[in-house]
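The values are calculated or read from the model by the stated rules, or taken from the named source; none is laboratory data. For clarity, every value in this text was computed on a predicted model and none was experimentally measured. Quick reminder, even Gly has a Cβ in these numbers, built from the backbone with ideal geometry, and neighbours come from all protein chains shown. Just so you know, the surface numbers come from the protein's heavy atoms only, side chains and all, with ligands and any DNA or RNA stripped out. Shrake-Rupley method; radii C 1.70, N 1.55, O 1.52, S 1.80 Å.
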Amino acid sequence: MNLSLQFTGGRPAGGVAAALAHFEQWMAAPESPVRAIRHQEAREGEYEAIPEGVDAGLRRALAARGIERLYTHQAEAFRLLEEVRDVVVVTPTASGKTLCYNLPVLNRIIADPEARALYLFPTKALAEDQLHEFQAAVEASGHKVKAFTYDGDTPQDARKAIRERANVVFTNPDMLHAGVLPHHTKWAKCFENLRYVVIDELHSYRGVYGSHAANLLRRLKRVCEFYGSRPQFICSSATIANPRELAEALTERPFELVERNGAPSGEKYIVFYNPPVVNRELGIRRSYLHEARRLATEFIERDQQTLVFANSRLATEILLTYLRDACERGPLPGSAVRGYRGGYLPKERREIERKLRDGEIRAVVSTNALELGVDIGSLDAVVMAGYPGSIASTWQRAGRAGRRQGASLAVLVASSNPLDQYIIEHPEYFFGQSPERAHVNPDNVEILLNHLKCAAFELPLRDGENFGRHDIGDMCRFLSEEARLLHHSGGSWHWTSDTYPADAVSLRSVSSDNFVVVDITGDHKVIAETSFTSALTTLHEKAIYLHEARQYQVEKFDYEGRKAYVRAVDSDYFTDAIDYTQVKELVEFASMEVNGAKAAHGEVRVNTQVVGFKKVKFYTLENVGAGNLSMPEQEMHTTAYWLHFPAAFLERLEGLTAAARQSGIVGLGNLLQVVGALLLMSDPRDLGVAITEAIPGQGGASVFEPDLFLYDNYPGGIGQSGPLFDLTPRLIAGALEMLRVCGCESGCPSCTGPEGETGSGGKEAARRILEALSGAQEAAGLRPM
């Protein structure tokens, strides 16, 4: 057993102490589900005097909030910004990062009322929350600084006044992309006087979203240059390995890093919990959702205000259903527990945030929507149902407990997913590893070209002008000659199409179209919206759509109109979509021989279609029915790493039937996805897995020479295939080691997958394939990742 218990200092008091004692008792028992308990000591704050240049009214406002001195990182950020540097601040959750940008921005605007600032937050909820804090500071200072949110929820009749009068505009990248930059002439006064651009939650701008954001900032700087301004950038981030590198990649400017945290913090206990094994032969553990529900219920009954994180919309709604049922059987009403995710309407989300702050709600079950810094008050406990996919996200979620000092508790409940099992059984890997590096690829051709169209719509592209690091001549000629979107005249490329390019570019997903969910039980009313990609799996006809633990059956799915019509029902099951994926190799960038097989990486086309659904009973998770579907097929060009297995290689696996070989390759795909994510320190959901079918042989016979693809799950790719190709030996060794340490007999969710899903003999076949790939019966073990 790899148990870990670390305590220093005294014991916590109150409800946290009772919960902790419970975990300690568990840990002492044989076969304990508690795999680690780590204690983070409380720390004293480090302070500096408020700088002399701070306005007297702002000093009064700070004093009214009990702030007589600044934390050292706040004072350092103020100093650097006064020296006209671009600054990135990286300190833990609840360390006062907001004041690092609010104080210098307010100080500048008070001195120069014509000055303007643009605040960018990744979500509308966070922008709304930060606006309230900013306005409270302004009111306490006695000055008149006008600040407003400007997003999709802003009434049309208020938008003109905001554009003309606001000193500070709180918005999000999506609105800047589609609602501000394309209409920059209406924002002329703002852009002429723009002094600061604040980018909060910098760590969230990674992968495809970050690559879009980098191009968006290229467009923003281009418009600012047109109006004669050069704003300073102020970024704030949770802890990641490369914050300065990320800020510089996004803005293409040099940055000063502020990372020494001066804020005090309360003590925190972090528990790793692995649900008990209920069937050792099959390697089946107790449901992680049931265990998360049980732990959260205990916290709620001890009067601990609790936040439960789940990793998907479906898991969030299932957990919410279970927790409400548990509360209704006890002393609390079901309304004491609420759900929170992106599909809820804005008014609903604001109400939940307020009630959580005010203590009217005892628990919230959320997707990663509450991982960011929305002010939700002082929470006692966090339960994470499943590993979030990265070390940085885990710390961010754990940080939501105890934000206002005092002892707090965070519990990670592992699912049977192999990555969860690796993390939970190797706590030293998690606690000893630095958080992940955040990568962006703004020069991804598909993303770059889309933003170049938007830039041309906003302002003509001049001959010789660079867009980021690129001379845009060839791309402009392509958009002119092939796409018929640009025309060259007077030394510039001009937009000539009637289309509005920003509408066709979504910063966060494959398609910019959301689906609206309409409840037709009584009067027709919109109850939610959902993204294009999730709509295909959650809003198909006959689906059970879950919203705030209420069940609705989808009566009609209007693909063209982007609407789903639902009716309230009382169902004891939920639905889970089944999709089918095909991958076709387009261009091979590089390849190498691997003991008779071939490893390669290159460009591929991925076709995905939802072909059916399962009906799954609540609590027991029995499959109680199924249905066929034929949803529109989705196509994506991306990059992939793959292994090709020639017939001669497979014939060396003596004693394995054709079916067992196929099962082994399916199981191998599950293993490689997890080990690849560990090696890259990325989220496994960023890597898709697919296996080609048999290919025709001579005389029409089928020859089984499969390709096993690990593909980037985003259009254009996000740069994972090349590193995976370079890491092929470690990928194979890591998969073999993960297989060997798993105690199941024939495959389970923690290694190759359950035998019922991968096929008979899958685990043994995967082992034989990996040993053949490694070239020895005793391959090297899993090296540090």
Report yes if some residue within the range 469-486 is within 29 Å of Leu246 (Cβ to Cβ), open to solvent by 30 Å² or more (accessible area, probe 1.4 Å) and assigned to a loop (DSSP other than H, G, I, E, B); otherwise report no. yes
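Among Phe430, Phe457, which is surrounded by fewer than 23 Cβ atoms within 10 Å (Cβ to Cβ), touching a Phe, Trp or Tyr at 6+ places or on another chain (Cβ under 6 Å) and either outside any loop (DSSP other than H, G, I, E, B) or among the hydrophobic types (A, V, I, L, M, F, W, C) (or both)? Write out each step before concluding.
Numbers: Phe430 fails: touching a Phe, Trp or Tyr at 6+ places or on another chain (Cβ under 6 Å).
Phe457 is the lone residue from the list that is surrounded by fewer than 23 Cβ atoms within 10 Å (Cβ to Cβ), touching a Phe, Trp or Tyr at 6+ places or on another chain (Cβ under 6 Å) and either outside any loop (DSSP other than H, G, I, E, B) or among the hydrophobic types (A, V, I, L, M, F, W, C) (or both).
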Filter the range 522-550 down to the residues that are touching a strand residue (DSSP E or B) at 6+ places or on another chain (Cβ under 7 Å), free of Cβ contacts under 8 Å to residues at least 60 places away in the same chain and more than 21 Å from Met631 (Cβ to Cβ) and list them by number. His524, Lys525, Arg550
Enumerate the pairs (first residue in the range 136-147 and over 14 Å from Leu103 (Cβ atoms); second residue anywhere and open to solvent by 60 Å² or more (accessible area, probe 1.4 Å) and part of a helix (DSSP H, G or I)) with beta-carbon separation below 8 Å, excluding pairs fewer than 6 apart on the same chain, so at least 6 apart or on different chains. Gly142/Arg60; Lys146/Arg165; Ala147/Gln135
By residue number, the members of the range 81-101 that are within 20 Å of His203 (Cβ to Cβ), open to solvent by 10 Å² or more (accessible area, probe 1.4 Å) and of a type outside the set (Val, Ile, Thr) are Asp86, Pro92, Ala94, Gly96, Lys97, Leu99
What tally of residues in the range 191-218 results from selecting those that are open to solvent by less than 20 Å² (accessible area, probe 1.4 Å), of a type outside the set (Asp, Glu) and outside any helix (DSSP H, G or I)? 6
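Test Ala577 against the criterion of being under 25 Å from Met738 (Cβ atoms) and either surrounded by 13 or more Cβ atoms within 10 Å (Cβ to Cβ) or in contact (Cβ under 8 Å) with a residue 60 or more places away in the chain (or both), and give yes or no. It would help to see each step written out before you state the result.
Details: under 25 Å from Met738 (Cβ atoms): no; either surrounded by 13 or more Cβ atoms within 10 Å (Cβ to Cβ) or in contact (Cβ under 8 Å) with a residue 60 or more places away in the chain (or both): yes.
No.
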Could you figure out which of (1) closer than 29 Å to Ser416 by Cα; (2) out of contact with any Ser or Thr (no Cβ under 8 Å at 6 or more places or on another chain); (3) of a type outside the set (A, V, I, L, M, F, W, C) isn't true of Asn607? (2)
What are the pairs with Cβ atoms under 6 angstrom where one residue, in the range 75-92, is aliphatic (A, V, I, L, M) and the other, located anywhere, is open to solvent by 20 Å² or more (accessible area, probe 1.4 Å)? Sequence gap at least six, or different chains. Ala75/Glu48; Leu80/Glu256; Val87/Leu80; Val87/Glu256; Val88/Arg244; Val88/Leu257; Val89/Lys97; Val90/Glu259
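So that you can scan it fast, the table gives a plain yes or no per residue for (1) out of contact with any Leu (no Cβ under 8 Å at 6 or more places or on another chain); (2) part of a helix (DSSP H, G or I); (3) over 26 Å from Glu41 (Cβ atoms):
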{"residue": "Arg222", "(1), (2), (3)": "no, yes, yes"}
{"residue": "Arg230", "(1), (2), (3)": "yes, no, yes"}
{"residue": "Thr239", "(1), (2), (3)": "yes, no, no"}
{"residue": "Leu246", "(1), (2), (3)": "no, yes, yes"}
{"residue": "Pro254", "(1), (2), (3)": "yes, no, yes"}
{"residue": "Glu281", "(1), (2), (3)": "yes, no, yes"}
From the residues in the range 537-565 that are within 26 Å of the chain's Cα centre (by Cα) and part of a loop (DSSP other than H, G, I, E, B), which one is surrounded by the fewest Cβ atoms within 10 Å (Cβ to Cβ)? Arg562
Listed residues Val411, Val440; which is of a type in the set (Val, Ile, Thr), assigned to a loop (DSSP other than H, G, I, E, B) and either open to solvent by 20 Å² or more (accessible area, probe 1.4 Å) or over 30 Å from Thr638 (Cβ atoms) (or both)? Val440
Any idea which of (1) among the charged types (D, E, K, R); (2) assigned to a helix (DSSP H, G or I); (3) surrounded by fewer than 21 Cβ atoms within 10 Å (Cβ to Cβ) is the one Glu654 doesn't satisfy? (2)
Consider Gly399 carefully, then state whether it is small (Gly, Ala, Ser), closer than 30 Å to Gly491 by Cβ and in contact (Cβ under 8 Å) with a residue 60 or more places away in the chain. no
Determine the pairs where a residue that is at positive phi, located within the range 225-254, has a partner that is in a helix (DSSP H, G or I) with Cβ atoms under 7 Å apart, the partner being 6 or more residues away or on another chain. Gly228/Glu192
